[in-house]
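J.: For reference, the structure I am asking about is given below.
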Amino acid sequence: MDRILVVEDDRVWRQIILGGELERAGYSVDTVTNLAEAIEKLESGSYHVVLTDISLDLEPENYDGVKLLQWIREKYPTIKTLAISSRPVLGFKKEFFKKRYGALEYIERKDFEPRQFLELVAKAVRFSKEASQRIEGNDARNKDSYSRR
Amino acid sequence: MNVYTPLTDGYQQMHMASLDRLIDQTPTEDLVRLTTYLRRYISPLVTRDLFTRMHLNKLLQQHEISIVTALILDIRDFVQMTWSSERVVGLNAVANFLETLFSISIQIAFENKGLVGEFAGDRLLITFGFPGPGDALCADLTTSVLQAVRTAYNIHKMVEGIKRNWNLPQVLRQFDIGIGLCAGGPAWIGDIGSQWRREFTIISTVVNIASRAEELTKNEKMMVPAPAKKIVVDQIIIEEIIKQVGIDNLSKYDLGEVEVRGLNRSIPLFQLAELDTSLFPSSPSIAPNDMALSTWICEYIEGAMERQVSSKVHQLLSDVGRIVTSVPNQEITLQQIMNKVIEMFAVETATLYLTDPNTDELIFECILSDSANPPKRGDRLPSGTGVVGWAVDNKKEVLIADVHQDKRWYGKIGYDIRSMLCVPLLLHKRVLGAIQIMDKVPGKFSLNDLNLMVAFAGSAAMAIENARLYNYASMSTQAQRDIAEALTSSLDLTVVLDTIMETLQKMLNVHTATLYMVDQNTGELIFENIISKSENPPKRGARLKTGTGIVGWVVENQEEVLISDVREDERWYGKIGSDVRSMLCVPLIVKERVVGVIQAMDESPGVFSEEDLNSLKWLAASAAVAVDNAAQFQALEEAKSELETAHRKFIASETMAGLGDITGKLTHTLTTKISAIQYFAQHMLPRQGGESVQETSQLILENAQMALAEIMKMREPLTEWNLQRVDVDQALAEVAEDFREGLESTSITEVNIIHKPATHSLPIFSGKGQIKYIFRNLLDNAIRAIEEKGKPQGTITIHADRQQMDGINWAIVQVEDSGIGIDVSDLKRVFELNYTTRPEGTVGGYGLFWVRLTVERLGGAIDLKSSLGKGATFTVCLPLMSDEVES
């Protein structure tokens, strides 16, 4: 089963909106409220996608969500991330953010639309799986070359 | 040597007690008189009689005695005899002769209980009947007459013996004596004279008549030749002798009525012939013990007097000693000393002066006087004034019987003063002052008093010095305590300096003192604290250039100075009171650095001593520490205060940023919530189906979208402060253009927005969002005002221009609308939070509030002029970037 981790401090959004939509779509969902719990979950289990709340009002690096995105990209490159925020930003800024922090998408809460959202998540899961396979394939090739020797 | 012990001689304890009582009750001068009488005039027989009957006090009475008999003895032709003897045998022989004659005569007189009075050359007066009636031995006229007659006869016998038996030179053997007797009259017996010389005196007509009677013996023609004696007596003597021996046993010769000079009357006188005095009652002879008793009584009295004086001195000294050791306060000491003096000498007026060591003036310290207008304590006399001045200058005690006859007498303390005793208070040859006692009675004070006072003054001087030292010590302690207290209770430099100056004033009693601090940067001297009588003293904070005056010298040399007269000092600057003469100046040194100077001044030259300088140095040391502490504290306080100011500024500058921060969080939360509502309305409710749900969801959706829009609008001016150069007119143009487009697209409202371009560039330092936010809101407001008129047609005129006010260039933006206007009473409230004219239930009430906040944050101001129905004009002033900054 495809596994999703939701990091969100607002109870309604965490359980009902995000958690609810994902479960109804048949995902295996874990929810946590902060950075520490998120890291704990990520260290102990494997996930395809992490959905995290970010607050981007001032310095992005100061926010837990942003830190989490950076940490995941370094430590678990196969996990795909989606950022969700209350802050509306212009299109080019959104692209800049995604590139910089490695998030697959920057979702504005006011524009939240369930269908689009689930499509996004499905895409992210697929990307995650592809990435894993690529890495496994590399590993296998490495093994082959090793055994052939 | 006679060793006489009265107790073993049968005298009882009671006699001793009586004598002691007499001594206790009798003033010293009377005791002295008593012993003089006992030694010189009184018969030992009388003495013994009076002593055994405890009547010695009778000898002290100086008054009339009712009946006496007087005997005058004179040597015939003494002048001739002396003259002859001078050349033949010398005057020594004459003196020896007289000595023999008189001593035997006195012996005879004493045996007959006579009172031996004056010697006047060759004359001797003996009185009988003393000390008066009531005495068993001298009870009456008869007794005294018989004693006198027997004395006269015995002396004659003695003279005859001398002439016959003694190996006298021929020239002296030719002498003869004459005796006059008179009885039955009163006499006054006592001492008369001045304090210089008082003499035992008998005043009596009886004596005068006896004298006249004796003179008759010179008249050979009148005298009956031997065997009649040359004894002339008056009628009463004759009568008394006849009473005693009978008329047959007396042979007498009538000399007739003899005139007595000055009496204006004649008295019958008689010459006595042979008389058998053995017919008289026997008279006791004088035993050795009688002489011894007399001597013993005298010695006893004198011993007692000595003991009395020494115990008085002892008592006094011990009292003073107590004062010396116990009393901490000089004033009390002086008072106690004077109380002792008054008590001791029983005088009316006593004064104590202390000398001023600086001026040598005499200062009244303590005066006990019954005068209505005594000198005040603290009054001063120039040195050398009066008797006191003399005593102080000469370091000698003075005893004056009558000050009116003394040239030194100053005469200002009570005119009726006569006696005076003045003793300097000496301590190690240093004169501290003088004690003076005075009395209206002339010659009141004796040499004893003087000696007593001298002894007393020595102790008193010590007491005063002690008190002074104690005062000084306690003052120092007090000063230390004051300063320590000031230091601990207040680290405020001003308070500490005030305390130091107060202490200085107390310790040195100065009228002018200054404390300077040294400016560590410029080296200037800063007046910190000044005690001055001057009406126009330098102000705190006034400055002196480095090196100015004596103070400047002290700072540069780090040395204290003691100047007795600044006028003779080249360093003297002369600006602080031209009447300054004496000066003390001490640097305040902290860690080898001069931080300030204390200066004490006086109008008289030579006022300050080394001791004062030491006091000031000590004070300066404390002050230096205090100043250092306080300065450090002050620096700390200043740093703290700076920090506080910075913090306040920081908080002030952060208020808006903080507000932005909070707004950011708030908008985040609100957006999160409202987005959730939006989600429910949009995606959850439709899934449930049904018409009503559709309507509800629509409502939720609308509200949520509205809230979101407002929140987005609000966060803009607060959260995005990317400050840059923004042209006001350009921003205004852009906003106007946006609105025109918006208005055209809806075509609901016909509002004409007229933008009059500015004639200058109007650069301000702002976030572009903020400035546009202001204008957008003002235009929003203007359109709403026009819509509210009911007829959605109108004009908005916007215009920006440059204007100079208070030296600052401003961008003035005016937004004028033809809308409904605002009631004058509401004008002030327009910019407050939650003020709105919109119907209830709609979001609003903070637009203009945020506008005002934003304008103010940009350093500008906003104003509104309007009246109901006549439109409104908003004026926004924003500070233009200065040209330099711009370039």
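None of the figures in this text is laboratory data; all of them are computed from the coordinates on show. A quick note: this is a predicted structure, and the numbers were derived from the prediction, not measured. Neighbour counts are summed over all protein chains in view; Cβ atoms, including those assigned to glycine, are modelled from backbone coordinates with ideal geometry.
J.: Rounded to the nearest Å, what's the spacing between the alpha carbon centres of region B:382-433 and region B:190-252? Just the number, please.
T.: Here the two parts' Cα centres lie 52 Å apart.
J.: Follow-up. Could you pull out the pairs from B:LYS163/B:LYS230; B:LYS506/B:LYS617; B:LYS58/B:LYS113; B:LYS407/B:LYS440; A:LYS67/A:LYS94; B:LYS396/B:LYS440 whose alpha carbons sit more than 20 Å apart here? Intermediate results must be reported in sequence, preceding the final value.
T.: Details: B:LYS163/B:LYS230 15 Å; B:LYS506/B:LYS617 15 Å; B:LYS58/B:LYS113 15 Å; B:LYS407/B:LYS440 18 Å; A:LYS67/A:LYS94 17 Å; B:LYS396/B:LYS440 23 Å.
Exceeds cut-off: B:LYS396/B:LYS440.
J.: Would you tell me the mean number of C-beta atoms belonging to other protein chains that fall within 10 Å of each C-beta in B:219-225, as a whole number? Mind dumping the intermediate values first?
T.: Values: counts 0, 0, 0, 0, 0, 0, 0.
Mean number of neighbouring Cβ atoms from other chains: 0.
J.: Over the whole of B:669-682, what's the average partner chain Cβ count within 10 Å per residue? Rounded to a whole number, please.
T.: Mean shielding by partner chains, rounded to a whole number: 5.
J.: Here is a further query. Quick check: from the Cα gyration tensor, does region B:122-278 come out rounded (a/c under 1.5), prolate or oblate? Before the final figure, lay out each step's value.
T.: Working: a/c = 1.42, a/b = 1.18, b/c = 1.20.
The shape class here is rounded.
J.: How would you rank B:258-271, B:788-801, highest first, on the average number of other Cβ atoms within 10 Å across their residues?
T.: Working: B:258-271: 14.5, B:788-801: 16.4.
Highest mean packing first, the order is B:788-801, B:258-271.
J.: Given the pairs B:LYS673/B:LYS789; A:LYS98/A:LYS129; A:LYS41/A:LYS98; A:LYS80/B:LYS768; A:LYS41/A:LYS123, which span a C-alpha to C-alpha distance of over 28 angstrom in this model? Intermediate values should be presented prior to the final figure.
T.: Details: B:LYS673/B:LYS789 36 Å; A:LYS98/A:LYS129 20 Å; A:LYS41/A:LYS98 23 Å; A:LYS80/B:LYS768 37 Å; A:LYS41/A:LYS123 22 Å.
In this structure, B:LYS673/B:LYS789; A:LYS80/B:LYS768 exceed 28 Å between Cα atoms.
J.: I would also like to ask the following. For peptide A:99-111, how many partner chain Cβ atoms fall within 10 Å of a residue's Cβ, on average?
T.: The mean count of partner-chain Cβ atoms within 10 Å per residue comes to 2.
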